[in-house]
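Notes follow the structure.
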Amino acid sequence: MTTTYTIDANGKVFGRVASVAAKALMGKNLPDYVANKVADVSVSIINASKTKMSERRTSETLHERYSGQPGGFRVSTNAKILEKKGWNGLYELAVFGMLPSNKLRPLIMKHLTIKD
């Protein structure tokens, strides 16, 4: 029995929506929550492109990546990510960062769908 959550992001703040999605994906709001199991939950975020985000948040928030090679440090802003990957990529990055960093994270991320 899969529990399905639909989050309408129309007019809501970006981080709040991502936080609610991450908690639901982990199954923290279910009575049978267990930290070492993937919850039987699917979360879909609709109207992702109508999310509220201030100009300052768009231009000043930095996301860092490092390839491990000399000169492999890359920094991108929310504006660059929105240009390249759209709201789907930005929501995936935010929710991915809010989940625990263990072997279950990629499995949990498969239960997230984002629609514009």
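The values are calculated or read from the model by the stated rules, or taken from the named source; none is laboratory data. These numbers were taken from a predicted model, which means no experiment stands behind them. FYI the Cβ positions are ideal-geometry reconstructions off the backbone, even for glycines, and counts take in every protein chain you see.
Key figures
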{"quantity": "Sole exception among (1) modelled with pLDDT of 95 or more; (2) in contact with a Phe, Trp or Tyr (Cβ under 9 Å, 6 or more places away or on another chain); (3) within 24 Å of residue 11 (Cα to Cα) for residue 88, by number", "calculated": "(2)"}
{"quantity": "Cβ pairs under 8 Å, 6+ apart, first in region 5-22 and at positive phi, second of a type outside the set (S, T, N, Q) and modelled with pLDDT of 95 or more", "calculated": "11/50; 11/52"}
{"quantity": "Residue match in region 49-56 (condition: of a type outside the set (Gly, Ala, Ser) and in contact with a strand residue (DSSP E or B) (Cβ under 6 Å, 6 or more places away or on another chain))", "calculated": "yes"}
{"quantity": "Odd one out for residue 64, checked against (1) surrounded by 13 or more Cβ atoms within 10 Å (Cβ to Cβ); (2) of a type in the set (D, E, K, R); (3) part of a strand (DSSP E or B)", "calculated": "(1)"}
{"quantity": "Odd one out for residue 34, checked against (1) part of a strand (DSSP E or B); (2) over 19 Å from residue 113 (Cα atoms)", "calculated": "(1)"}
{"quantity": "Total residues in region 1-42, condition among the aliphatic types (A, V, I, L, M) and crowded, with 18+ Cβ neighbours inside 10 Å", "calculated": "12"}
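Condition check ((1) among the hydroxyl-bearing types (Ser, Thr, Tyr); (2) in contact (Cβ under 8 Å) with a residue 60 or more places away in the chain; (3) under 15 Å from residue 9 (Cβ atoms); (4) outside any helix (DSSP H, G or I)) across all residues:
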| residue | (1), (2), (3), (4) |
| --- | --- |
| 56 | no, no, no, no |
| 69 | no, no, no, yes |
| 76 | yes, no, no, yes |
| 80 | no, no, no, no |
| 95 | no, yes, yes, no |
| 102 | no, no, no, yes |
